[in-house]
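Below is one structure, written out as structure tokens; the observations come after it.
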Amino acid sequence: MRRLVLSFLVLTLVAGTARGLVINGGTGTENFTAPPGTGNPGFANVGDNGIYLGNYSGQFWVLTVTHIGAGSIVLNGNTYPAVSGSSIIVRNQDNSTTDLTLFRIASDPGLPNITLLSGANPALNSTIRMVGDGRTEGASTFTQWGITTNPGANDDVWTAGAGTDKSGYTTVAGAGMRWGDSRMSGTASYDIGTGVTSSFYMNYTSAAGRTMAQVGDSGGAAFYFNSGNSTWYLAGVLGAIGTFGSGQSPDNQPANTAVFGNVTLAASIPSYHSFITTAIPEPSTYAALAGALALLGTAWFRRRRTVAR
């Protein structure tokens with residue numbers, strides 16, 4: 001596993017703000033309803049601040065990222081506050097914290113249980129179906145930039161429409177929860193101050209339909225379909241995006257853009273499957289961890305600047 005040097009896009013998570021993922025070739029209007037039939041990985045289970053895992057022995061569990069925290073989740077237009085004291089930070093084998101947090105909600109949203117991927121991460125180049133509520137591309141926001149590189153750090157100049165050095169999208173506010181597909185590209189770890197977190201990542205390329213997370217997508221889902229048993233699995237939780245920054249050429253990528261060559265990182269469910277499935281059926285097992293996460297009113301993806309590519 002390689003360690004990516006990251007910084008993250010600042011973000012405030014508020015229900016009803018910018019929503020949607022960025023899809024290459026899209027117009028910001030597609031994929032706001034669940035995919036039909038067997039293409040639906042569990043769209044309704046993904047809320048504004050996490051993923052509803054299901055009903056376990058009469059307790060209703062949500063998984064989110066620690067940098068959001070155990071506040072509440074909106075599902076199908078209904079707000080479900082976290083049960084006080086129910087939050088459990090997922091731990092590494094050395095008991096250090098990660099960017100994953102479990103919490104309970106008091107009432108049943110009436111949704112099916114999500115199946116968690118165990119064992120290994122999806123194979124390289126596997127399709128990953130993301131669901132999130134971050135910013136999106138607009139109807140005509142495809143952009144090409146000419147870039148003037150300078151010798152210092154984070155001082156390159158990106159000029160829209162003045163060349164073809166880099167291409168992608170400027171982003172705008174969307175209209176609701178959205179899904180889109182990408183490809184498994186590799187494994188990594190990240191740490192934004194909530195603990196080193198094992199993850200996998202998806203490269204954002206110019207392939208038609210290729211999708212990237214954006215500001216607002218923290219806590220969204222990365223699903224994987226196993227064609228052998230025709231089952232969708234939750235493989236990861238969207239946690240960070242990677243943009244061109246310090247230590248690279250070019251650097252200083254403009255804010256609120258999705259540029260080919262960026263990446264999306266998802267905290268790995270297989271890496272933490274044992275902890276999660278032990279904590280959910282028997283919450284008392286990790287009662288000492290409950291309440292370890294302070295309730296956060298804001299969350300953030302600090303701007304991530306990739307050094308290794």
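Here is a yes/no grid of residues against (1) on the phi > 0 side of the Ramachandran plot; (2) loosely packed, with under 13 Cβ neighbours inside 10 Å; (3) over 23 Å from the mean Cα position of the chain (by Cα):
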site: Leu111; (1), (2), (3): no, no, no
site: Thr115; (1), (2), (3): no, no, no
site: Ala120; (1), (2), (3): no, yes, no
site: Met130; (1), (2), (3): no, no, no
site: Asp133; (1), (2), (3): no, no, no
site: Gly138; (1), (2), (3): no, no, no
site: Gln144; (1), (2), (3): no, no, yes
site: Gly152; (1), (2), (3): no, yes, yes
site: Val157; (1), (2), (3): no, no, yes
Legend entry - Given (1) modelled with pLDDT of 95 or more; (2) closer than 19 Å to Asn40 by Cα; (3) among the acidic types (Asp, Glu), number of the condition Asp165 does not satisfy: (2)
Inset, instruction - Could you please tell me which pairs satisfy a Cβ distance under 6 Å, a separation of 6+ or placement on different chains, a first residue in the stretch 145-168 that is without any contact (Cβ under 8 Å) to a residue 12 or more places away in the chain, and a second residue that is assigned to a loop (DSSP other than H, G, I, E, B)? - result: Asn150/Asp156
Inset, instruction - Scan the stretch 30-65 residue by residue and report those that are β-branched (Val, Ile, Thr), in contact with a Gly (Cβ under 9 Å, 6 or more places away or on another chain) and in contact (Cβ under 8 Å) with a residue 12 or more places away in the chain. - result: Val46, Ile51, Val62, Thr64, Val65
Inset, instruction - Quick one: which strands (runs of 3 or more DSSP E) lie wholly within the stretch 35-105 and hold at least 3 residues that are over 22 Å from Leu117 (Cα atoms) and more than 18 Å from the chain's Cα centre (by Cα)? - result: 78-81
Inset, instruction - Please tell me if Leu117 is of a type in the set (A, V, I, L, M) and in contact with a helix residue (DSSP H, G or I) (Cβ under 6 Å, 6 or more places away or on another chain). - result: yes
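The values are calculated or read from the model by the stated rules, or taken from the named source; none is laboratory data. Keep in mind that this is a model prediction, so the values were computed, not measured. Positions of Cβ are backbone-derived with ideal geometry, glycine not excepted, and every protein chain shown enters the neighbour counts.
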